[in-house]
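This report refers to the structure that appears directly beneath it.
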Amino acid sequence: PEHYDLAVIGSDEVFNCCQACAWGYTPQLFGRIPQADRVISYAASFGHTTYEEIYAQGIGGEIGAMLKTMEALSVRDANSYAIVERLTGITPEVHLDPVLVYGYSEEIESFQLPCEEAYMVVYTYAGRIKSKEEIRRITAFARNKGLKLYSIYSAYPWCDKAIAPATPFEVLAWFKGARYVVTDTFHGTIFSVITHRPFCSLVRENNRQKMSYLLQSLGLESRGGSDIGRILDTPVDYDAVEEILDKERKRARAYLRVNLEKI
């Protein structure tokens, strides 16, 4: 279409303008969409990009000016909140990632377990778990619990099997059936939360800004760390988590509803 009443930018790392990638810095992701009458963001993230990196690249003024043209600004983490505030003088709203907002509760309830074996899920990007100590702790925990180790999408020689689900729903089904989950990704943490799994999130320098805030916002700071066995053996109070999610889901839907009603 040549015309849009409203363009919504987000969520995920749409503002991560200082990452090494094929497409580079894209002004369109910061609101320069002439085909749209109105532009807002929703749960947008700068990822690991920092305020200092933006100015080192000489794009701080331009990004700030573009963000100011948006009718409403929403981010999903503290780092993004601080950058938007410093670049624009505007205080953005902070909202949940859409996967947490929707929750997939009905779909998860209907899933059949993908296998009869007792297993533990490792969910990460290819090659990112390479610390000998992390591998030792993960494999020792699985062995002590009598569990198979299944990695999703990433093949590791120390896992029993690599799973390649065909759809996002199959991914959630594997999470639902897991006795435990170890992950170092933002959405792996979210999948663990919405399926109510005991999990450990490995917080690293390249994911610290978004992962730490995610865990903190859900009252789950204790799930992030390197003491994998202790964390996994500690029960998660999902009743308390669901109370937080219920409140934040209402806030997120109200933000979107108000902006959609202006069309």
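Per residue, the chain exposes 50 Å² of accessible surface when a 1.4 Å probe is rolled over the protein heavy atoms with every protein chain present. Pairwise inverse Cα distances across segment 77-173, averaged and inverted, put the Kirkwood hydrodynamic radius at 16.6 Å. Distant-in-sequence amide contacts of Tyr4, defined by a placed amide H-H separation under 5 Å and a gap of 5 or more residues or a different chain, comprise Ala36, Asp37.
3J(HN,Hα) along segment 150-159, derived from phi through the Karplus expression 6.51 cos²θ - 1.76 cosθ + 1.60 where θ = phi - 60°, amounts to 10, 9, 9, 6, 10, 8, 10, x, 8, 9 Hz, with x in place of Gly and Pro.
The fraction of all Cα pairs in segment 174-263 landing in successive 5 Å bins from 0 to the largest distance is 2, 14, 23, 22, 16, 10, 7, 4, 2, 1, 0, given as whole percents.
Spatially close Lys pairs in the chain, defined by Cα atoms under 18 Å apart and a spacing of eight or more places or different chains, total 6.
Per DSSP H run of n ≥ 4, the term is -39500 (n - 2.57); total these for the chain, divide by its residue number, and report the mean residue ellipticity at 222 nm rounded to 500 deg cm²/dmol. Calculated from helices alone, the mean residue ellipticity at 222 nm is -12000 deg cm²/dmol. A simple spin-label model places the labels of Glu242 and Ile135 3.9 nm from each other, with each point 7 Å out along Cα-to-Cβ. In terms of its Cα atoms, segment 1-90 spans 35, 29, 22 Å along the principal axes, sorted from long to short. Every Cα-Cα pair in segment 40-92 was counted, and those over 16 Å apart are 32% of them. Computed with a 1.4 Å probe over protein heavy atoms only, the accessible area of Glu52 comes to about 110 Å². Contact order, relative form, for the chain: 16 percent (alpha carbon pairs under 8 Å, 6 or more residues apart, mean separation divided by residue count). Remark: segment 137-263 carries a charge dipole of roughly 180 debye about the Cα centre, counting +1 on each Lys and Arg Cβ and -1 on each Asp and Glu Cβ. Surface composition of segment 4-46: carbon and sulfur make up 50 percent of the accessible area, probe 1.4 Å. Can you tell me the relative contact order of segment 148-263? Whole percent, Cα pairs under 8 Å, sequence separation 6 or more. Rounded, it is 16 percent for segment 148-263.
Positive end of the dipole of segment 108-195 (Cβ unit charges, origin at the Cα centre): among Ser192, Val181, Pro114, the Cα lying farthest that way belongs to Val181. Over segment 124-202, Cα pairs under 8 Å with separation of 6+ residues give a relative contact order of 23 percent.
Computed over neighbours whose Cβ is under 9 Å from that of Arg128, the net charge equals +1, Lys and Arg +1, Asp and Glu -1. Each residue of segment 52-57 was assigned a 3J(HN,Hα) from its phi angle through the Karplus curve 6.51 cos²θ - 1.76 cosθ + 1.60 (θ = phi - 60°); the sequence is 5, 5, 4, 6, 5, 7 Hz, with glycine and proline shown as x. Principal semi-axes of the equivalent ellipsoid, √(5λ) from the alpha carbon gyration tensor of segment 1-51, are 22, 12, 8 Å from largest down.
Of the residues Thr167, Thr88, Thr185, the one that moves most in a GNM of the chain with alpha-carbon contacts below 10 Å is Thr167. Can you compute the label reach from Ser105? Point 7 Å from Cα along the Cβ direction, backbone N cut-off under 16 Å, restricted to segment 179-201. Those under the cut-off are 193-197.
The values are calculated or read from the model by the stated rules, or taken from the named source; none is laboratory data. Computed from a predicted model, the values in this text were never measured in an experiment. Positions of Cβ are backbone-derived with ideal geometry, glycine not excepted, and every protein chain shown enters the neighbour counts. Side chains are part of the model used for accessible areas, which takes the heavy atoms of the whole protein and leaves out ligands, DNA and RNA. Shrake-Rupley method; radii C 1.70, N 1.55, O 1.52, S 1.80 Å.
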